[in-house]
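These notes concern the structure reproduced below.
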Amino acid sequence: MIKKIEKTKKHIKRILPKSQAVDIDIKRNQTGNFVSKIHVKTPQKVMHAQKTDPSFMGSLDKSYQAIVRQIHKYKTKKQRRHSEPLSEHFESA
């Protein structure tokens, strides 16, 4: 289990190299399901994903997929913002 968590952290840091911290927390709730939480901190943003599943691996996989979607969205927005021409930001007189 620890190996899977470390691989997940490593992969997140590989797809988002500017991440300052990646925290993964997995606990069992009162109903017996596993709740996994992933927090990724970057200089501009903090992303969170929390998913529940009856299995340990299922909850980790679901939260991993959710955080990867957020990272992809963040990177796409950031890339789009930097590729816009400067003239679009100013109105012509």
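The values are calculated or read from the model by the stated rules, or taken from the named source; none is laboratory data. These numbers come from a predicted model, not from an experiment. Positions of Cβ are backbone-derived with ideal geometry, glycine not excepted, and every protein chain shown enters the neighbour counts. Surface areas here come from the heavy atoms of the whole protein model, side chains and all, with no ligands, DNA or RNA. Shrake-Rupley method; radii C 1.70, N 1.55, O 1.52, S 1.80 Å.
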In a Gaussian network model of the chain with springs linking alpha carbons closer than 10 Å, the residue among K45, K73, K27 that fluctuates most is K45
Carbon plus sulfur, as percent of the 1.4 Å-probe accessible area of the chain, comes to 52 percent
So the angle from the long Cα axis of helix 56-83 to the longest Cα principal axis of the chain, reported in degrees to the nearest 10, equals 10 degrees
Taking Lys and Arg as +1 and Asp and Glu as -1, residues besides D23 with C-beta under 11 Å from its C-beta add up to +2
If R0 = 22 Å, then Q70 and T31, at their Cβ-Cβ distance, give a FRET efficiency to the nearest 0.05 of 0.25
The ³J(HN,Hα) series, computed from each phi in the stretch 3-20 with the Karplus coefficients 6.51, -1.76 and 1.60 at θ = phi - 60°, rounded to the nearest Hz and given as x for glycine or proline, is 4, 5, 5, 5, 5, 5, 4, 4, 5, 4, 5, 6, 7, 9, x, 7, 5, 8
Residue-normalised value, i.e. accessible area per residue, for the chain at 1.4 Å probe, in Å², stands at 75 Å²
Residue separation between T42 and K77 times 0.36 nm, minus their alpha-carbon distance, gives in nm 11.1 nm
Stokes-Einstein D for the chain (20 °C, 1.002 mPa s, Kirkwood Rh from Cα pairs), in µm²/s, comes to 146 µm²/s
